[in-house]
């Protein structure tokens, strides 16, 4: 949401949209079509540099974008037009193609595609799909998006760390997840996913979510937040008193794996190859085969979690792509979001007010990995 933005912010966002419109033009030419219709939320948020539909919206009523590579139009219901132009798109160069809510959008889409060769990101009769050609464009974050992403990451870190610092022994995982969601919403971030594991539940369930179990001992709080169509994830671990030796061992291994994963994050690497190399940390330990229980990471950015394999083949990382590394060892987890660069990766979710372990891998630069926060209460 973009209420009363400063003029320079509007100009920067409009320049980002202009660049994306120009990037779509060769895609249309390669497909032999005149225009493209975008309705997938990730595609719309990407092209508009952050537009999001609000309220309860059916899939057939979602706003979209129509562009021929030279001009752009918002395609939406009259129920949404006023807010979208007031709060989301003012001054950004969009024209309007509107349907009346009682009639639905089918007639408008028929009008837009009649006698034209138009691609889309949703299946329509006799309409080629543009998704695979758009995918590389969405993955690489622009400088404007990188600035947005840094702000989102800071907000997610603040919410996760504040929640972990203030949870009380005996709170249920559901209550802790509720506190996390509240903190995210207060900073204009939409909660996309949460995981709270205490009492060793994380050792049993790698995708644990949260439940009615009261937390005690060592607790891992993980959150994913969304703003302007971008997603960032991190976790932090808190312990009521010193962590038991088995938990400390598992966390130390996860920290070392996190440092190894970061040190190997580079263009042309893959999630699979980086994850396989980081397995060496677990060799000869009680957790030697924990890597089999969950993937080491996944793509992020315009998606909360994106599988980076297609047809069984690993897709290479590229500079500007976002990735979440999530080493999970026993009950421990060290989860953070990074952006791949040509040099060291940029950490989108660096610790704000949290103890860290500083590790260097094979003489490389040090990495600050969140440690366990020990509370005495």
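General observations
- For region 203-266, the gyration tensor built on C-alpha atoms gives an oblate shape. Its axis ratio a/c (a ≥ b ≥ c) is at least 1.5, and a/b is not larger than b/c.
- Centroid-to-centroid separation of region 1-77 and region 267-317 [C-alpha atoms, Å]: 32 Å
- Cα long-axis angle, helix 7-31 against the chain (0 to 90 degrees, to the nearest 10): 70 degrees
- Residue-averaged 222 nm ellipticity for the chain, from DSSP H runs of 4+ at -39500 (n - 2.57), nearest 500: -10000 deg cm²/dmol
- Over every Cα atom in region 1-159, the radius of gyration and the widest Cα-Cα span, Dmax, amount to 15.7, 52 Å.
- Under the simplified labelling scheme, the residue 15-residue 280 pair shows an inter-label distance of 4.3 nm, with each label point 7 Å from Cα along Cα→Cβ.
- For region 327-377, the Cα gyration tensor yields ellipsoid semi-axes of 22, 13, 12 Å (square root of five times each eigenvalue, largest first, whole Å).
- Order of 303, 289, 94 - criterion: other Cβ atoms within 10 Å of each residue's Cβ, fewest first: 289, 303, 94
- Dimensions of region 1-90 based on its C-alpha atoms, expressed as ranges along the principal axes with the largest first, amount to 36, 34, 19 Å.
- Cα Rg, Dmax (largest Cα-Cα span) when computed across region 302-359, Å: 13.6, 42
- Stokes-Einstein D for region 258-377, Kirkwood Rh over Cα pairs, 10 °C, 1.306 mPa s (µm²/s): 106 µm²/s
- Extension gain for the segment residue 341 to residue 376, taken as residue separation times 0.36 nm less the Cα-Cα distance, is 8.6 nm to one decimal.
- With a Förster radius of 35 Å applied to the C-beta separation of residue 288 and residue 169, the computed FRET efficiency comes to 0.65.
- All-pairs Cα distance distribution in region 127-188, expressed in whole percent, bin size 10 Å: 19, 30, 22, 20, 8, 1
- Applying the Kirkwood pairwise sum to the alpha-carbon positions of region 172-318 produces a hydrodynamic radius of 16.8 angstrom.
- In the elastic network of the chain, a GNM with C-alpha springs shorter than 10 Å, the most mobile of 73, 101, 354 is 101.
- Expressed as a fraction of 2.2 N^0.38 Å, the value expected for a compact globular protein of N residues, the C-alpha radius of gyration of the chain is 1.06.
- With a simple spin-label model that places each label point 7 Å from the Cα along the Cα-to-Cβ direction, the separation between residue 96 and residue 205 comes to 4.7 nm.
- Extension gain, residue 273-residue 111: 0.36 nm per intervening residue step, less the Cα-Cα distance, totals 53.5 nm.
- Unit Cα scatterers, Debye sum, region 71-180: log10 I(q)/I(0) for q = 0.11, 0.15 Å⁻¹: -0.67, -0.94
The numbers here are math on the coordinates, done by the rules we state, and not lab data. The shown structure was predicted, so the numbers you read here are calculated from the model rather than taken from an experiment. Glycine also receives a Cβ, built like all others from the backbone with ideal geometry; neighbour counts cover every protein chain displayed.
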